[in-house]
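Enquirer: Below are the structure tokens for one structure; questions will follow.
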Amino acid sequence: MTFPKLSLSLLLLSLGAVGAFARKHPQYEQIRQLTPDQAAMVEKALTREKVLIRNIQQRTPLVETYIQDTRPDLKLYQVPVEDHYMLSRIDFGKTFFSKSYDSRGVSKHGFFKGSASALAQLTHALGINGGLTYVPLGFSEMMFLDPAGADQQHYAFSYVRREFLGSVRTWVFDVQPKVAGMGRFYGRVWIEDEDGNIVRLNGAFTQPDEYSTKHFFHFDSWRMNVQPGIWLPAAVYVEETRRIDGRDTTGLKAQTRFWGYSLKLPTRDSDNVSIKVEDAVDKSEDTQDVSPLEASHMWVSQAENNVIDRLEQAGLVAPATDKGYETTVLDQIVTNLVVPNNLAFTSPVHCRVMLTTTVETTTVGNTILISRGLLDAMPSEEAIASVIAMELAHVALGHHIDTRYAFNDRLLFPDESSFQRIDMYHTDRDNEDAAKRASDFLRASMYNDKLPNAGLFWAQLADRGKVLKQLNSPKLGDSLLRADGTPWMSDLARTAPKLNWDDLAQVPALPLRSWLKVDPWDDHVSMLNAKRYAPMNPRDKMPLEVTPVYFKLQRKTTSPTQQAQGDPAAPPPQAANTPGAILPVDQNQSADVDKQQATPPAPQ
């Protein structure tokens, strides 16, 4: 059995087909009667669902969907065979109108191959595979129970139990329509017990059976308490897999992630988008002259600052923090490479995180940008160091961003045009030169003895890159692979031992979302405060694969001062137990790895 690539938005069937479907299936089992308390909780949740829709209509988040088509595998259970990627900034106040982040064109540096530039309506599909297509908004719809008809006239609720999701206590109900038909939600919901918000939905938009899986995907949709009293969609996991011995079956796994809820759209759809410049420093008392070389470096720095600020405003780069992952972990690795190589930069080199899942990296002046997807997949500090070394080589070799961006007016354009208007990728010649210099940097560093282990990541990336082409298609910067699929750091990959699925001590790459989490409200990045386990079998490795979503939910609360001032909507204070910087664990350690946390390396 195969699963055609249809989205929810494309699945409206004729009335005759719906009638035939309804006649084919028996009546539902009798619904268990709710107690008064249970009925009150359901009614409260349905009221809050309308509040959620009103809240999200005021937001313009980024919505990213990454899909992997899969097939069964005897050793690994299932393996990816193809992938698809979509990224949009959606204005939910305009009837779910989506502004897709446009590609950089049809050059070899482009991405979103075969996709439309924008979605004017729900039925506008991305042309991927001959008529059977994925649609970004089809996956986005899975964040709602039923935007049009979520009430007790259309749905029946059966109480199941109480259950904690993290620190949030919930009431669990099974849900099914009172009238059979396509497009109605069948499944289970979790309702938090304080305000009655639905915080999780698990099911599909049709009666569950073998026929329905040809048209509707099953999904697990999660919401987070992003601000006091405000719950908004955070992630949706989609899976359709079925193993049948002796038959060629296909399936899919997908994640849709939401972030940038606090971002604001420009007041009008034009190229005249204003840029807010903060933290300007008055240097009028500094009368020291500037040399031509220093002036040139300052000009590059001005272009760098303009571009980074613009990308952060567009929700593509995480905000910088003094004690964030970039400062405590990535910048320390930069120091571990700079000091032994006696690199004297005119200004410090820092790292920032791109918020996309795609595997890519680049430099903007003295700023190294590394995608969240790349950081999540790297299993060790030496692997991260090998990537940073190549970008550090770009900086040392003077491969800086085009200085035309030193003129701020060149960055006045809508957010969704960021990929077209900002060129940050390097030429093939630049990448070849940087790869050679990076090898020298690594051999002179503290990572020299672990380079074969770092090479495993590059070898695994090249191996999986044969099918995960969208994951390795850069959005802003450079792919880690050449056009022929070989890694830029091929010399490093050749030092690695042969990839061996049966060697459980060998973990060349991790599943996606292994290390970092993003606050859906303000885009800040932090480390996952999660246990780490060594693989017990080859199926546990899942390199660069999509995995299910599961949140340990927490409530956002106001501080005592804010409560005294009667400001329940004020942002909460930073939690005292915010996870600190943790470097990836050495996968060659014992199975007790979940009890260990690696610390940032000491300065050299």
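The values are calculated or read from the model by the stated rules, or taken from the named source; none is laboratory data. Model, not experiment: these values are computed from the prediction. Positions of Cβ are generated from backbone atoms using ideal geometry, with glycine treated the same way; all protein chains shown enter the neighbour counts. Ligands, DNA and RNA are excluded from the accessible area calculation, which covers all protein heavy atoms including side chains. Shrake-Rupley method; radii C 1.70, N 1.55, O 1.52, S 1.80 Å.
Enquirer: Is it the case that the range 511-532 has a residue that's of a type outside the set (A, V, I, L, M), open to solvent by less than 60 Å² (accessible area, probe 1.4 Å) and at pLDDT below 50?
Expert: No - not one qualifying residue is present in the range 511-532.
Enquirer: Does A39 satisfy the condition of being in a helix (DSSP H, G or I) and buried (at least 22 other Cβ atoms within 10 Å of the Cβ)? Can you show your working first?
Expert: Values: in a helix (DSSP H, G or I): yes; buried (at least 22 other Cβ atoms within 10 Å of the Cβ): no.
When the stated conditions are applied, A39 does not pass them.
Enquirer: Sticking with this structure for a sec: If you take the residues in the range 420-448 that are touching an Asp or Glu at 6+ places or on another chain (Cβ under 7 Å) and within 15 Å of L481 (Cα to Cα), which one is most open to solvent (accessible area, probe 1.4 Å)? Can you show your working first?
Expert: First pass over the range 420-448, keeping only residues touching an Asp or Glu at 6+ places or on another chain (Cβ under 7 Å): 420, 423, 425-426, 431, 439, 447.
Next cut, within 15 Å of L481 (Cα to Cα) only: 425-426, 431.
Working: Y425: 79, H426: 11, N431: 6 Å².
Checked the range 420-448; the qualifying residue most open to solvent (accessible area, probe 1.4 Å) is Y425.
Enquirer: Only one of L461, L392, L451 is among the aliphatic types (A, V, I, L, M), at pLDDT 95 or above, under 16 Å from S490 (Cβ atoms) and open to solvent by less than 10 Å² (accessible area, probe 1.4 Å); which? Full working, then the answer.
Expert: Working: L392 fails: under 16 Å from S490 (Cβ atoms); L451 fails: open to solvent by less than 10 Å² (accessible area, probe 1.4 Å).
The conditions single out L461.
Enquirer: A further question on this structure: If you check D331 against the conditions, is it open to solvent by 10 Å² or more (accessible area, probe 1.4 Å), under 21 Å from K450 (Cβ atoms) and touching a residue at least 12 places away in the same chain (Cβ under 8 Å)? If you could, list the steps in order and put the result at the bottom.
Expert: Working: open to solvent by 10 Å² or more (accessible area, probe 1.4 Å): yes; under 21 Å from K450 (Cβ atoms): yes; touching a residue at least 12 places away in the same chain (Cβ under 8 Å): yes.
Spelling it out, D331 is indeed open to solvent by 10 Å² or more (accessible area, probe 1.4 Å), under 21 Å from K450 (Cβ atoms) and touching a residue at least 12 places away in the same chain (Cβ under 8 Å).
Enquirer: Is there a residue in the range 297-312 that is open to solvent by 50 Å² or more (accessible area, probe 1.4 Å), more than 30 Å from L87 (Cβ to Cβ) and either within 28 Å of the chain's Cα centre (by Cα) or not aliphatic (A, V, I, L, M) (or both)?
Expert: Going through the range 297-312, the residues open to solvent by 50 Å² or more (accessible area, probe 1.4 Å) turn out to be 297-299, 302, 305, 309, 312.
Applying the additional criterion that residues be more than 30 Å from L87 (Cβ to Cβ) yields 297-299.
Of the ones still in play, those that are also either within 28 Å of the chain's Cα centre (by Cα) or not aliphatic (A, V, I, L, M) (or both) are 297, 299.
So far as the range 297-312 goes, yes, one or more of its residues are open to solvent by 50 Å² or more (accessible area, probe 1.4 Å), more than 30 Å from L87 (Cβ to Cβ) and either within 28 Å of the chain's Cα centre (by Cα) or not aliphatic (A, V, I, L, M) (or both).
Enquirer: Has the range 339-348 got any residue that is touching a helix residue (DSSP H, G or I) at 6+ places or on another chain (Cβ under 9 Å), at pLDDT 85 or above and under 26 Å from L510 (Cβ atoms)?
Expert: Within the range 339-348 (the criterion being touching a helix residue (DSSP H, G or I) at 6+ places or on another chain (Cβ under 9 Å), at pLDDT 85 or above and under 26 Å from L510 (Cβ atoms)), the answer is no, since none of the residues qualifies.
Enquirer: Restricting attention to the range 490-502, does a residue exist that is without any contact (Cβ under 8 Å) to a residue 60 or more places away in the chain, of a type outside the set (F, W, Y), crowded, with 18+ Cβ neighbours inside 10 Å and in a loop (DSSP other than H, G, I, E, B)? First the steps, then the outcome.
Expert: Going residue by residue through the range 490-502, those that are without any contact (Cβ under 8 Å) to a residue 60 or more places away in the chain are 490-491, 493-500, 502.
Filter again for of a type outside the set (F, W, Y), leaving 490-491, 493-500, 502.
If we keep only those that are crowded, with 18+ Cβ neighbours inside 10 Å too, we end up with 493, 496.
When the remaining residues are screened for being in a loop (DSSP other than H, G, I, E, B), the result is 496.
Yes.
Enquirer: Which residues, counting only those in the range 369-378, are at pLDDT 95 or above and not acidic (D, E)?
Expert: So the first thing to find is which residues in the range 369-378 are at pLDDT 95 or above, and the list is 370-378.
Hits for the range 369-378 are I370, S371, R372, G373, L374, L375, A377, M378.
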